[in-house]
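Taking it in order: structure first as structure tokens, then the write-up.
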Amino acid sequence: MQSTQKTKRYQRKNGYVPMKQIITLILFFILFSLPQTVDAQSRVTGGLIRIAGPVAMVDTVSVWGEVRNAGRYLMPRGTTVAQMLSYANGPISYRTRETILDWSDIRIEVTISSYNVETGESDRQFFTFIYKEEFPIEMRQTHLRNDDIMTVEIKRKPVLRDYISVIAPSLSLVFSFWALYDRINR
């Protein structure tokens, strides 16, 4: 028993590292150096998100703004605006700590920017989708073209809480200065 304790002390003193610790460190580095998996869509080098199959005719479309998965997409030719919104996993939702805001007061504004190389002109198309209304047929019929840029913006009507969050700090500052001024003059 004493000889094993002396051996362990000698090993620690002389920098001997047990094999268990070495194996644990190697496994730790291997696990954390593995590439992370991407959910439903597969990423291609350069940050592209591939939607289309490898042999399909594809267009590249950039999706910017308030969507869950913004990025540059390789998608099948003939993809519509509504389908592209679905590929980007839809608009982000507004949530606060206390409540989930009512989606009926929110509208989505989609802008498609196209550049015509032959004429050197830019073209824009605007779509608005309000949750209370029927889904716009134009978003289902408009096909995206190669190198289009789709921007998504979510707008909502301000609620009382928004006004309070803007006004309350200002009022607090004014009353604090007023109280400080009052104390100094007494």
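Name the residue, out of 53, 90, 46, 78, that is closer than 29 Å to residue 147 by Cβ, modelled with pLDDT under 60, out of contact with any helix residue (DSSP H, G or I) (no Cβ under 6 Å at 6 or more places or on another chain) and in the same structural domain as residue 141 (by TED's automatic domain parsing).
Values: 53 fails: modelled with pLDDT under 60; 90 fails: modelled with pLDDT under 60; 78 fails: modelled with pLDDT under 60.
So the residue among 53, 90, 46, 78 that is closer than 29 Å to residue 147 by Cβ, modelled with pLDDT under 60, out of contact with any helix residue (DSSP H, G or I) (no Cβ under 6 Å at 6 or more places or on another chain) and in the same structural domain as residue 141 (by TED's automatic domain parsing) is 46.
In the list 137, 112, which residue meets the criterion of being loosely packed, with under 11 Cβ neighbours inside 10 Å, closer than 18 Å to residue 86 by Cα and of a type in the set (A, V, I, L, M)?
Among 137, 112, only 137 is loosely packed, with under 11 Cβ neighbours inside 10 Å, closer than 18 Å to residue 86 by Cα and of a type in the set (A, V, I, L, M).
Residues checked against (1) acidic (Asp, Glu); (2) outside the structural domain of residue 81 (by TED's automatic domain parsing); (3) under 30 Å from residue 58 (Cβ atoms):
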residue: 136; (1), (2), (3): no, no, yes
residue: 142; (1), (2), (3): no, no, yes
residue: 145; (1), (2), (3): no, no, yes
residue: 148; (1), (2), (3): yes, no, yes
residue: 154; (1), (2), (3): no, no, yes
residue: 165; (1), (2), (3): no, yes, no
residue: 169; (1), (2), (3): no, yes, no
residue: 173; (1), (2), (3): no, yes, no
residue: 183; (1), (2), (3): no, yes, no
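So in region 107-137, with the set limited to residues that are touching a helix residue (DSSP H, G or I) at 6+ places or on another chain (Cβ under 9 Å) and at pLDDT below 90, which one is nearest to residue 155 (Cα to Cα)? Quick ask: steps written out before the conclusion?
So in region 107-137, the residues touching a helix residue (DSSP H, G or I) at 6+ places or on another chain (Cβ under 9 Å) come out as 108, 110, 112, 125, 127, 129-132, 135-136.
From the residues that got through so far, the ones that are at pLDDT below 90 too are 108, 129-132, 135-136.
Working: 108: 6, 129: 10, 130: 10, 131: 12, 132: 14, 135: 17, 136: 17 Å.
Checking each candidate, the answer is 108.
The values are calculated or read from the model by the stated rules, or taken from the named source; none is laboratory data. All of these numbers come straight from a predicted model, not from anything done at the bench. A quick note on method: Cβ atoms are made from the backbone with ideal geometry, for glycine too, and the neighbour counts reach across all protein chains shown.
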